[in-house]
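The values are calculated or read from the model by the stated rules, or taken from the named source; none is laboratory data. Keep in mind the model is a prediction, meaning the values are calculated, not measured. Glycine gets a Cβ as well: all are built from the backbone with ideal geometry, and neighbour counts include every protein chain shown.
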Amino acid sequence: MMTEIQEIEIQKQYMQKVAKLIENKDLKYTILTMGCQLNENDSEKICGMLEEMGYRKTEDIEDANLAVFNTCCVRENAEERLFGKIGNLKNLKEKNNLIIAVGGCMMQEQHILDKIKKSFSYIDIIFGTHTLHKLPEDLYKVLEDQKKIKDVIDIDGNVYEDLPIKRNSKTQGSVTIMYGCNNFCSYCIVPYVRGRERSRKPKDIINEVKELASQGYKEIMLLGQNVNSYLRSEMEAIQQGKLKDEAGDYKEINSFAKLLRAINQIEGIERIRFVSPHPKDFTDDVIEAIADCGKVCKCIHLPLQSGSTNMLKVMNRKYTKEQYLNLVEKMKTKIPNIKFTTDIIVGFAGETEEDFEDTLDVVKKVGYEQVFMFIYSRRVGTPGDKMPNQIPEEIKHKRFDRLKDLVESQIAKTNKSYLGTAQKVLVEGPSKNNEKMLTGRTESNKVVVFEGDKDLINSIIDVEIIEDHMWYFKGKVL
Ligand code: 5AD
Ligand code: SF4
């Protein structure tokens, strides 16, 4: 069997072959990314590969020779959105000979593949979550042999290193540390489309972070569906006598806590964040690492999903309301000035008014900096979709609005407490809405807009907060 390294070598050869084929043709690609930061990071790799082959990026689909869609299926009617967009491309395809590649999570769902076969047979490349690295080969076959390619596999993918990457930000570098999820929360499609957990080797992560530091990146965002079970599957396998040849790779770093400590020592990196941890895996060693590591931002994303112990059980989250609140209390005691953000789902199957009030209660007690709120959306193939007691849309929306009101009133209050304070802000660049202003983020991930010299970009500076708005602050450089 081929090793991952050999597979990537082959793809590098395909990159060269494509580069030769399209040489001097000035071909352009456009990419649409749906979904989470992991998908964004995958898209950075897709862009990296395409640019290595000589494609240039364009935002204008009319001008593109290749359109890539990196899809998500976690929520909502992303399907309709995607199919609408692809439907619109049929004319362009005929006019410009546009190549269309569609990949990512949605392609791991059979009903989507069936629909594509039936209605969108003109798509050239379909790739899944485990075959993204084979885009050069797929593209070559389309360009050279005019073939249609479907490259989706169902087994858990391997971990591939050393793909080219074209990053979106020059300040914050995203680093995926693990793929997949073992948790099977009953509402969630991710374990079905991303497979079981597998972690990258510590040395590969450390090397990537060092490389980012040497390029001037100040902030690292560690990514995974469940970051605080980093290396857990691998350690279990080693305990069972498996993975013998790899045991040496984990001598120094064998857990998420140790990974944080190691990254904290990398010179040049000034901030470390991570998403998403799971409350059930928030072990003491992780809490201690956060407390000890000066660079780890003291603002933790701690997905709640529901505040009701009943609902948490139905959701298969493996913690109770009390355990969640105790964890928050423990972290508040051990980590001075710690702040929290969270994800909440409203209207999951069987949610009563009482259950919903428990969610409001936790929101009041914790006082989050930011809450990402979602209306439950049924996902084909998950246990949640089969539950008989679904909540009517109208009730879901009413509850969502009540939660939103509470969250916004809390955030407004919290924001007021920032007024007049000095905040350490990592400056990202010119503000999108006003080129003359700069924008950056506080340690608690709040956006601050202020006047300042462009030289300040990519440094951490002191800014006084002088105006508060719901989603950003105005500041003054100190
Ligand atoms: N419906 C609504 N929200 C969902 N999430 C995951 N699955 C669903 C679903 N079926 C939310 C969870 C998760 C976030 C990334 O998306 O809150 O933490
Ligand atoms: Fe989905 Fe739960 Fe896994 Fe998060 S932990 S990806 S919500 S199954």
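Values computed for the structure shown
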{"item": "Residue that is nearest to ligand 2 (Cβ to nearest atom), among those in the stretch 182-214 that are of a type in the set (A, V, I, L, M) and closer than 28 Å to Val314 by Cβ", "result": "Val190"}
{"item": "Filter result (surrounded by 19 or more Cβ atoms within 10 Å (Cβ to Cβ) and part of a helix (DSSP H, G or I)) within the stretch 12-34", "result": "Tyr14, Met15, Val18"}
{"item": "Candidates Asn168, Asn226, filtered to the one that is touching an Asp or Glu at 6+ places or on another chain (Cβ under 8 Å) and farther than 27 Å from Lys57 by Cα", "result": "Asn226"}
{"item": "The stretch 430-456 residues that are closer than 17 Å to Glu270 by Cβ, paired with ones that are of a type in the set (Asp, Glu) (beta carbon under 6 Å, 6 or more apart)", "result": "Gly440/Glu428; Ser444/Glu369"}
{"item": "Only one of Glu353, Glu408, Glu322 that is more than 16 Å from ligand 1 (Cβ to nearest atom), over 27 Å from Val286 (Cα atoms) and touching a residue at least 12 places away in the same chain (Cβ under 8 Å)", "result": "Glu408"}
{"item": "Leu260, sole failed condition from (1) away from ligand 1 (no atom under 16 Å from the Cβ); (2) out of contact with any Cys (no Cβ under 6 Å at 6 or more places or on another chain); (3) not aromatic (Phe, Trp, Tyr)", "result": "(2)"}
{"item": "Wholly enclosed helices (runs of 4 or more DSSP H) of the stretch 296-391 bearing at least 2 residues crowded, with 19+ Cβ neighbours inside 10 Å and more than 16 Å from ligand 2 (Cβ to nearest atom)", "result": "321-334, 353-366"}
{"item": "Those residues of the stretch 457-478 which are aromatic (Phe, Trp, Tyr) and part of a loop (DSSP other than H, G, I, E, B), in sequence order", "result": "Trp471, Tyr472"}
{"item": "Residue satisfying condition, being within 30 Å of Val447 (Cα to Cα), in contact (Cβ under 8 Å) with a residue 12 or more places away in the chain and polar (S, T, N, Q), within set Thr176, Thr129", "result": "Thr176"}
{"item": "Residues being surrounded by fewer than 18 Cβ atoms within 10 Å (Cβ to Cβ) and part of a strand (DSSP E or B) - total across the stretch 427-445", "result": "3"}
{"item": "Residue match in the stretch 407-417 (condition: small (Gly, Ala, Ser), away from ligand 2 (no atom under 16 Å from the Cβ), over 30 Å from His111 (Cβ atoms) and in a loop (DSSP other than H, G, I, E, B))", "result": "no"}
{"item": "Output for the stretch 446-456, where each listed residue is of a type outside the set (A, V, I, L, M, F, W, C) and outside any loop (DSSP other than H, G, I, E, B)", "result": "Glu451, Lys454, Asp455"}
{"item": "Tally, over the stretch 186-214, of residues that are part of a loop (DSSP other than H, G, I, E, B) and polar (S, T, N, Q)", "result": "1"}
{"item": "Condition check for Asn24: within 16 Å of ligand 1 (Cβ to nearest atom) and more than 20 Å from Arg194 (Cβ to Cβ)", "result": "no"}
{"item": "The stretch 215-231, residues that are β-branched (Val, Ile, Thr) and either assigned to a loop (DSSP other than H, G, I, E, B) or away from ligand 2 (no atom under 16 Å from the Cβ) (or both)", "result": "Ile220"}
{"item": "Selection within the stretch 283-295 - in contact with a strand residue (DSSP E or B) (Cβ under 8 Å, 6 or more places away or on another chain) and part of a loop (DSSP other than H, G, I, E, B)", "result": "Cys293, Lys295"}
{"item": "Unique residue being more than 16 Å from ligand 1 (Cβ to nearest atom) and at pLDDT 95 or above when the list is Tyr187, Tyr217", "result": "Tyr217"}
{"item": "Residue in the stretch 390-399 that is under 24 Å from the mean Cα position of the chain (by Cα) and hydrophobic (A, V, I, L, M, F, W, C) present", "result": "no"}
